[in-house]
Amino acid sequence: CCRLSREDEGRKAESESIANQKSLLIKYAMERGWEICGIYCDEDYSGADAERPDFLRLLADAEQRRFDLILCKSLSRFTRDMELVEKYIHGKFPQWGLRFIAVADNADTEVKGNKKARQITGLVNEWYLEDLSENVRLVLDYKRRQGRYIGAFPLYGYRRDPLDKGRLIPDEAAASVVRRIFSLAAKGQSRAAIAAALNEAGI
């Protein structure tokens with residue numbers, strides 16, 4: 001079970017890449033003589049996302065008992081949601097006769113007394129997401145207060161300032177169209193009529 005999320009972008013640690021997660025887990029399994037039944041990999045998904053395609057496929061196969069063991073690099077690669085940790089790792093997987101191992105966290109459901117450590121790790125992973133979300137919100141709020149543009153794409157009629165990516169400047173090519181739309185609207189023309197006029201002009 002591998003995952004690479006948006007919050008990992010920009011990190012230099014190569015071990016966070018999908019390729020290195022797979023390499024680590026395959027080596028770990030082969031050293032123990034375990035047969036690899038499948039690799040479940042979700043790229044560019046948050047650890048809080050319970051609708052990841054391969055995550056859902058993993059759970060479906062787990063319920064069908066298509067393997068005996070689930071191997072992850074860390075608990076956070078499986079999920080950062082404490083509710084899912086409890087539901088599956090401490091609930092469903094034992095019921096289904098499945099063993100769960102997170103290599104980097106030394107988490108192993110077969111080891112007695114390991115549950116509290118897994119729960120603490122799960123909480124820390126969930127707190128990380130909450131902190132990340134709050135930090136992102138604070139940064140974006142600060143940028144807005146500074147008059148910075150934080151959208152992914154400029155609104156029609158504007159473009160990014162080539163000298164300052166956080167500032168918008170008028171897009172001269174679109175400015176005349178914007179002025180025309182405003183003028184037609186001021187004259188009482190409907191949106192449909194304005195759209196028809198623009199289409200007719202090839203805009």
Checklist entry - Can we say E86 is open to solvent by 30 Å² or more (accessible area, probe 1.4 Å), among the acidic types (D, E) and touching a residue at least 24 places away in the same chain (Cβ under 8 Å)? => result yes
Checklist entry - Can you name the residue in segment 148-163 that is among the aromatic types (F, W, Y) and over 25 Å from the mean Cα position of the chain (by Cα) and is also most open to solvent (accessible area, probe 1.4 Å) among such residues? => result Y156
Checklist outcome for this item: In segment 93-145, residues that are at pLDDT 80 or above and surrounded by fewer than 12 Cβ atoms within 10 Å (Cβ to Cβ) total 4
Next on the checklist: For segment 25-46, check the following and say yes or no: at least one residue is of a type in the set (S, T, N, Q) and under 17 Å from the mean Cα position of the chain (by Cα).
Outcome noted: yes
Item to check | Close pairs (6 angstrom Cβ cut-off, 6 or more residues apart or separate chains): under 19 Å from Y158 (Cβ atoms) in segment 175-196, open to solvent by 60 Å² or more (accessible area, probe 1.4 Å) anywhere | outcome: V177/I203
Checklist entry - Counting only residues that are more than 36 Å from the chain's Cα centre (by Cα) and open to solvent by less than 40 Å² (accessible area, probe 1.4 Å), how many does segment 164-191 have? => result 3
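The values are calculated or read from the model by the stated rules, or taken from the named source; none is laboratory data. Just so we're clear, the structure is a prediction, and the values are computed from it rather than from any experiment. Cβ sites come from the backbone with ideal geometry, for glycine too, and all protein chains shown count toward neighbours. To get the accessible areas, we keep the full protein, side chains included, count just its heavy atoms, and leave off ligands, DNA and RNA. Shrake-Rupley method; radii C 1.70, N 1.55, O 1.52, S 1.80 Å.
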